1. Given the criteria more than 17 Å from A:Q252 (Cβ to Cβ), surrounded by fewer than 21 Cβ atoms within 10 Å (Cβ to Cβ) and of a type in the set (A, V, I, L, M, F, W, C), does A:L184 qualify?
2. Does region B:58-70 contain at least one residue that is crowded, with 16+ Cβ neighbours inside 10 Å, within 14 Å of chain C (Cβ to nearest Cβ) and touching a strand residue (DSSP E or B) at 6+ places or on another chain (Cβ under 8 Å)?
3. List the helices (runs of 4 or more DSSP H) inside region C:1-112, counting only whole elements, that have at least 1 residues being over 30 Å from A:I95 (Cα atoms) and under 21 Å from the mean Cα position of the chain (by Cα).
4. Being within 11 Å of chain A (Cβ to nearest Cβ) and under 19 Å from the mean Cα position of the chain (by Cα): is that true of B:I73 here?
5. Quick one: would you say B:M53 is over 22 Å from B:Q210 (Cβ atoms), in contact (Cβ under 8 Å) with a residue 24 or more places away in the chain and within 12 Å of chain C (Cβ to nearest Cβ)?
6. If B:R86 meets every condition in (1) surrounded by 18 or more Cβ atoms within 10 Å (Cβ to Cβ); (2) in contact with a Phe, Trp or Tyr (Cβ under 9 Å, 6 or more places away or on another chain); (3) farther than 24 Å from B:Q210 by Cα apart from one, which number is that one?
7. How many residues are crowded, with 24+ Cβ neighbours inside 10 Å and in a helix (DSSP H, G or I) when one looks only at region C:121-146?
8. Mind checking whether some residue in region A:7-20 is at pLDDT below 85, within 12 Å of chain C (Cβ to nearest Cβ) and surrounded by 13 or more Cβ atoms within 10 Å (Cβ to Cβ)?
Amino acid sequence: MARKTGGNIKDLLFERTTGAFAFLVLFLAALLFAVLLRESMPALRKFGAAFLVTGTWDPVLDQFGALPFIYGTLVSSFLAVLIAVPLSVGAAIFINEFAPPWMKTPVSFLAELLAAIPSVIYGLWGIFVLVPVLRDWFMKPVTKYLGWIPLFKGPVYGPSMLAAGVLLAIMIVPFILSVSREVLATVPQRQKEAVLSLGGTRWEMLRIVIGQHCIPGIFGATILGLGRALGETMAVTMVIGNRPEAILSLFQPGYSMAAVIANEFTEAVGDVYLSSLVLIGLVLFTMTLAVNLAAKWILTKMVARASRGI
Amino acid sequence: MENVFEIRDLSSWFGENQVLKMIRMDIAKNSVTSVMGPSGCGKSTFIRCLNRMHDMTPGFRIEGEILLDGTNIYSEKVDPVYLRRRVGMVFQQPNPFPRMTVFENVAVGLKLNGRNLSRADIAEKVERSLVMAALWNEVKDHLSRSGVSLSGGQQQRLCIARALAVEPEVLLMDEPCSALDPMSTAKIEELIEDLSEKYTIAVVTHNMQQAARISDQVAFILMGELIEMDKSGKIFTNPSDKRTEEYITGRFG
Amino acid sequence: MGTISFRRKALDSTMKALFFLAALLVILPLFLIFFDLLIKGAKELKLTLLIDLPHPVGEPGGGIANGIAGTLVITLMTMLWSVPTAVMCGIYLAEYGRGKFASAVRFAADTMTGVPSIIMGIFGYILLVLPMKRFSAWAGAAALSMIFIPVVVRTTEEMLRTVPTTVREAALALGIARWKATLRITVRTAWPGILTGILLAMARIIGETAPLLFTALGNQFWQTRLDQPIAAVPLQVFTYAISPYEDWHDKAWAGALVLITMVLVINIVARVLTRRKR
């Protein structure tokens, strides 16, 4: 029994070894940030904060500003969320509350499938199927009759902010759907029964119960979806039209932060050009980080409320 | 009759909270000792001190000595891993390792012990342990079935076999029957009696009838203190301490 | 006892119908996309697609063999160092992870999972392409591992946490050293879940394009050297899709069909694994 630390050394070694890998992960995250920061320094020093609001993108004169891309990213993402959230929440309500029980597994499976499709395939479908359909069946007619409204001004080419927004919406639906379903499932059965037993219709019950319990959770899901939309690259690049201008009309081509990096990175000659693209990457990184943290915070708070039985 | 365990002034704390108070006890070789008391009295904490299971609990502190064959098990010279091979434990909820067969469950202690036994040796020891745990006949044709596919009572006997396979001297049992049906409980009580010929056994139980049935000695613990310890016959018919009498007659928990 | 007013009933039915419509619209794109993939992809789907190298513009025929090889090479490279790193890190977090250090590691991993994949491409470019002065499979794998590792760290830790304490206790009570108990019993118990996490992450990086755009870059020719630009199926799909040539568009669909098949097969294998080994 008096055998000393033979085993203890191995235990310590194991803890240290696994700890070293954990440190490596931490280090990689820090390295990522450091690398982005360092490479965007030249552009930061040259343009400063004005970079965020300048609209010029001129490789010849080495003048760069991120405004059109920030605009494009935000508009396409918000549009996507605007379309995706009502659809996702509606679908979640249908699946959880109205659909027969056997439908739940296949539907979850299909939603997972949607989430597994690579971005480039969405983009491919976007170019050859979605954009022509949107152009001929929606944008051209609308611009003909409502083209005086700035949002719908022509000329219509096809690739546009709208196309990007719709495609992004399709892509983020699975995530918002699954979180919404989870949120809906936390509503206590008793509460639902209470409203129904008072003579409410199903819709009235849902309206009350969701209004009371689910708003923060659904809001959190929305922000989560927004975070994903902000960072989407390939699908957006392929349907947004790649015009570096901030234009009000949804039917016009635009650009996004991720798209400009994807398209121009390999052609960027000169320190300032490349550094500007990296700086755009840093801005994008910060934006998605902030949004994801907000979503997590909201969702954790919501979980805490639910567990307290509110 | 020699003593396997000699416990001297054992006190323990979880953080600021004192759980055991100056316990003095001897556990004789090849005896069956029951440790009983109301919920929360510290009996499980006590028994887990005997194989240093609390080493993993942050904030746990101990004073006093627990002597196993004369050596304090909490001394720095003692390797807790090695200690636990001499002092085995069976838990309240049967917990065979999931994703392992019946055979693998019993063999795992032997394989991971660094002893490098041959396959034949291991097979022989597995069979012997299952025989001792009164499970062999029920599983001998099903050794490659998953451990968790057995019934509750069988799983607990599997856990006993698993503990016996590493050839301990002492077997600690923390309410081994409380999750089982009466028939399985009876089987295990019979098993404990048989095992006590070769092993020293300490059983935590909240079932007084069980304590009366199976044990040689009974220790009554209340709020972390050892109130009384005596032959089981005497404790249940003529306890010395008034608190023991109150517990036995059901006046509290 | 009265009945519910007609107005309320109508509203209830309308909302029900709207919800149903929403569910339909949500599922619809999936069917459309798969339908198109099958129809349009089948056009160019011959054996030559998988075996041949790309032909120059204008010449019909050719295939994506180099892309398939490249994808396999990059994926294997990535997983070679990412799997051990991520699993070991996950083990650390689950078994020893209680202090500030562990929280920092978790935060780092969580953050990285939310980073757009194109940023990981920038990382690979700066870290490897610039110093090496060339695009390479190394850089592509570096970028992809920044996506793979954080995801697998989380799933590994989660799976290990589902192993009940009683299993760990029973292992220690047998007198098995802690490190052995962790590896040979706890990890073994959680292994199907951990493996599923690894496979799902693998399916994800196979489909990634953005991180490879300026790391691996792509290559028209057969090339499996690790320090040179290398082809990958998603890159080829992208290049063909945005090109102005009709038959390249067809190849894009066919390549997409090959890609989605790879992704789906791995996904299905991963799920079957979890279901079976319960």
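The values are calculated or read from the model by the stated rules, or taken from the named source; none is laboratory data. Everything quoted here is computed from the prediction, not taken from an experiment. Using ideal geometry, Cβ is built from the backbone for each residue, glycine included, and neighbour counts are taken over all protein chains shown.
1. Working: more than 17 Å from A:Q252 (Cβ to Cβ): yes; surrounded by fewer than 21 Cβ atoms within 10 Å (Cβ to Cβ): no; of a type in the set (A, V, I, L, M, F, W, C): yes.
Answer is no for this residue.
2. Scanning region B:58-70, I find at least one residue that is crowded, with 16+ Cβ neighbours inside 10 Å, within 14 Å of chain C (Cβ to nearest Cβ) and touching a strand residue (DSSP E or B) at 6+ places or on another chain (Cβ under 8 Å), so the answer is yes.
3. By residue number, C:65-96.
4. Working: within 11 Å of chain A (Cβ to nearest Cβ): yes; under 19 Å from the mean Cα position of the chain (by Cα): yes.
When the stated conditions are applied, B:I73 passes them.
5. Working: over 22 Å from B:Q210 (Cβ atoms): yes; in contact (Cβ under 8 Å) with a residue 24 or more places away in the chain: yes; within 12 Å of chain C (Cβ to nearest Cβ): yes.
Yes.
6. (2)
7. Step one: filter region C:121-146 for residues crowded, with 24+ Cβ neighbours inside 10 Å, giving C:121-125, C:129, C:135, C:137, C:139-146.
Filter once more, keeping what is in a helix (DSSP H, G or I): C:121-125, C:129, C:137, C:139-146.
Within region C:121-146, residues that are crowded, with 24+ Cβ neighbours inside 10 Å and in a helix (DSSP H, G or I) number 15.
8. Within region A:7-20, one or more residues are at pLDDT below 85, within 12 Å of chain C (Cβ to nearest Cβ) and surrounded by 13 or more Cβ atoms within 10 Å (Cβ to Cβ).
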